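Taken together, the values in this text are just the output of simple stated rules run on the coordinates, not laboratory data. From a predicted model like this one, the values you see are computed outputs, not experimental measurements. Counting neighbours? That spans all protein chains shown, and the Cβs are built from the backbone with ideal geometry, glycine included.
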Amino acid sequence: MIKIKTQRKEYRMNYRILSFTSCLIALVILLTVSDATARVVKPINDNWEFIKTDFHRDFDNPDHSWQKVTIPHTWNNKDIQSGSKPHYGTGWYRRDLIIERDNSNKQYFLRFDGVGQYAEVYINNQYVGEHLGSYSAFVFNITRFLNKEGSENTILVRVNNELNDSYPKDNWLFGIYGGIYRGVSLTVTNELHLSLTDYASSGVYVHQKEVSNKKATLNIVTLLKNETSIIKQITVRNRLLANNLKVVADHTEEKTLYPGSMFPVTSYLYVKKPRLWNGKNDPYLYSLETELLHNGNVVDKITQTIGIRSHSIDTEKGFILNGEPYRLYGVCRHQDWEDLGNALLPEHHKKDMDLINETGATSIRLAHYQQADYMYSLADSMGILIWAEIPFVNGYKDNADDNALQQLTELIKQNFNHPSIFVWGLHNEVVKGHNITRPVNLTKKLHNLAKDLDPSRHTVAVSNQWWHFDYPINELADLQGFNQYTGWYGGQPHELNNWIENYHAAKPDVRISVSEYGAGGNIAHQANDVSIPPPPKSQFFPEAYHTHYHEVTWSAIKNSPFIWASYVWNMFDFSVPEWNRGGIKGRNHKGLVTYDRKTQKDAFYWYKANWSEDPVLYISGRRFNERKVDKSKFTVYCNFADPVLELNGVVVEGRKQGGTSVHYIWEDVPLRRGENIIKSYALKDGERMEDQYTIIAEF
């Protein structure tokens, strides 16, 4: 049983151990755990205090007041998004903690799901550990640092988000929000337990072998820990349950568990006629129960969802799921929200996933970093395939190799059992100038590490230099991605089709994806002429060009099934520190949805009509409601019938087919001065669907 109680106290500490600028947590919890409890996990996200200061001497300075905050929290939710120079520095958090223990045989683990970006943890004036990396979780066993007999404990964490040469990204393309921006929890286990400290993983790794609809073999590696000084005889039991709770496979393994380091136990589950996890067609999930028993009693247990599937990638057919071609198309996602930064609650992640799912996307590139575990779980349940990657992005730093390898290890181990993840991303746009050899060498190391940790999944690396067919940074991973911006950073959108054909002809055995493509679009900017791309660093990004770009680009990609995946950059507008483009400072406007998640741009409905099975009938250009022309072009997206267009109650003739079967165009439609009502309709299963809006013409 756990009881949590907040208690305020005067904060005093001997600061001699802190010769650095720091962030503090003073956690205060009343915690009671009985012997019979196998494992208890308690979130500790409320009743925190925060102060932004570089120096511990400012804690009691009346000019530096503490503010009450709730985790998740960031101090950069406004300034990174402002376009001005953000505050990258240090902050402190605190909360009081009391742990009342019925006995001394429990183990206590403190977990942080995400801290941006450097954290040092202290408990009761003792150094516990540190972590560098804004996007992955980390866990410390804090048992030996706790005071005895239910007395108060002080937990301190230093958080700093300044640029660090040991970290493989900068703050240019997206900022690192400072703070404890994902949840914090305390886990209590018995002295015999499943490991929590293998890079903050579950301690259970499910390797899928020989997967078909006839049978599947699950090779389960479980890491155990004996925190006593005595040899123990233990049993590991794995059970796979269908969603009706019927046990479909089980295995029991007896072992001798010695004191000391983590001990792996391998079990095998043989599943007859498994129901396969089949993407959006059938995202079926089993439950895997893993129990550790001693003297017949369960001393630890975890339950995870598991999807059984196989996948491969063919040079001509693209992505193959469970032996059948399965087209991957979708979006990239940055996790920050307007006014919130990246300190998001589950409902924010769910909102994003619902919007992505509405487009009909079959895949998401979670760029350019590990995202909240809830996102991967949502993808598992929705059947959306995930490209997961680390923030080795936008250049190379000489001292960052070790941290890049660490973050890849964390990404893979923490997310190993998610069926939605099919590929590990190693880097994105890392060659700048003439420094090529070192990023090449690091990419090779990352690829080898990924294959050692997880041979079942592919690796991918991404270049933004699509015009170089032969380049030293290319073809170092299993798969090659190209960030393709023809029509935005040079050229015209229609030129993409030539590039696709030429590259595939030159390198037919290289498995390629269009890992990013996009153009800026501000819904407040409207124009009639889309023939000339706007300069990408200018202040005017008309939505009509954004729409035109996506119409042309997707039409080219759609006709190339050997492209194993393609991703719109980006699903949502997002912040870029100190940018000043497209009419709003600090903003990248390439999203299909505005930064506040309130407005879907026209291109959103273009993809929904092309990708989704839901009926769509939509007239683009509705925000271009004042037109200084006597003739205008109108476009309708409809995925279930040939639509009719009416202008002021009169049917408009001259309908043309656009780049795909859902794309309908009427050109040079005469307008009348003043108000014009545009309407389109079509029949779906005998019922009329329609869309309309009004424009004002002045000429």
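Comparing 434, 124, 453 along the charge dipole axis of the chain, the residue lying farthest to the positive side is 124, per the Cβ-charge model. Kindly provide the chymotrypsin sites (Phe, Trp or Tyr not before Pro) of segment 114-201 that DSSP labels as loop, not H, G, I, E or B, and whose Cβ sees at most 14 other Cβ atoms within 10 Å. Here the sparse-neighbourhood loop sites are 172.
Only the Cβ atoms of Lys and Arg (+1) and of Asp and Glu (-1) were treated as charged; on that basis the dipole of segment 162-317 about its Cα centre amounts to roughly 820 debye.
Could you work out how far apart the two model spin labels at residue 297 and residue 281 are, taking each label as a point 7 Å from the Cα in the direction of the beta carbon, and quote it in nm? Inter-label distance under the simple model: 4.9 nm. In segment 532-582, which trypsin sites (Lys or Arg not before Pro) fall in coil by DSSP and have 14 or fewer other Cβ atoms within 10 Å? Here the trypsin sites (Lys or Arg not before Pro) that fit, given the DSSP loop and packing criteria, are 537. Based on Cα contacts under 8 Å between residues 6+ apart, segment 74-232 shows a relative contact order of 27 percent. Selection among 696, 266, 483 by position relative to the dipole of the chain gives 266 as farthest towards the positive end (Cβ unit charges, Cα centre). Under the combined filter of DSSP loop state and at most 11 neighbouring Cβ atoms within 10 Å, segment 640-683 retains these GluC sites (Glu not before Pro): 653.
Inter-part distance, segment 157-227 to segment 531-545, computed on C-alpha centroids, equals 42 Å. The Cβ shell under 15 Å around residue 563 holds other residues with a net charge of +1, Lys and Arg each +1, Asp and Glu each -1.
Close Lys pairs in segment 599-699, defined as Cα atoms under 23 Å apart and 8 or more places apart or on different chains, number 15. Alpha-carbon geometry of segment 501-594: the Rg and the Dmax are 15.1, 44 Å, given in that order.
Computed over neighbours whose Cβ is under 12 Å from that of residue 536, the net charge equals +3, Lys and Arg +1, Asp and Glu -1. Ordering 394, 378, 320 by the projection of their Cα atoms onto the charge dipole of segment 319-423, which places +1 on the Cβ of Lys and Arg and -1 on the Cβ of Asp and Glu, puts 320 at the extreme positive end.
With each label modelled as a point 7 angstrom along the Cα→C-beta vector, the residue 653-residue 456 pair spans 6.2 nm. If you take all other residues with their beta carbon under 15 Å from the beta carbon of residue 440, and give Lys and Arg +1 and Asp and Glu -1, the sum is 0. With 18 Å as the cut-off, how large is the P(r) tail for segment 626-697, expressed as percent of Cα-Cα pairs? Pairs farther apart than 18 Å: 37 percent. Quote the relative contact order of the chain in percent (integer), defining contacts as alpha-carbon pairs under 8 Å separated by 6+ residues. In percent, rounded to a whole number, it is 10.
So if I average 1/r over every pair of distinct C-alpha atoms in segment 324-614 and take the inverse, what Kirkwood radius in Å does that give? This gives a value of 19.3 Å.
Rounded to 0.05, the FRET efficiency of the residue 268 and residue 509 pair, given R0 = 35 Å and the Cβ-Cβ distance, is 0.50.
Think of each Lys and Arg Cβ as +1 and each Asp and Glu Cβ as -1; about the Cα centre, that makes the dipole of the chain roughly 800 debye. Centre-to-centre separation between the Cα atoms of segment 624-650 and those of segment 374-445: 44 Å. For segment 480-547, a simple Cβ point-charge model (Lys and Arg +1, Asp and Glu -1, everything else neutral) yields a dipole of about 160 debye relative to the Cα centre. Footprinting exposure proxy ranking of 642, 509, 198, fewest other C-beta atoms within 10 angstrom first, gives 509, 642, 198. Gyration tensor over the Cα atoms of the chain: the corresponding equivalent ellipsoid has semi-axes (square roots of 5 times the eigenvalues, largest first) of 47, 31, 24 Å. Beyond 18 Å, the tail of the calculated P(r) for segment 204-306 holds 49 percent of the Cα pairs.
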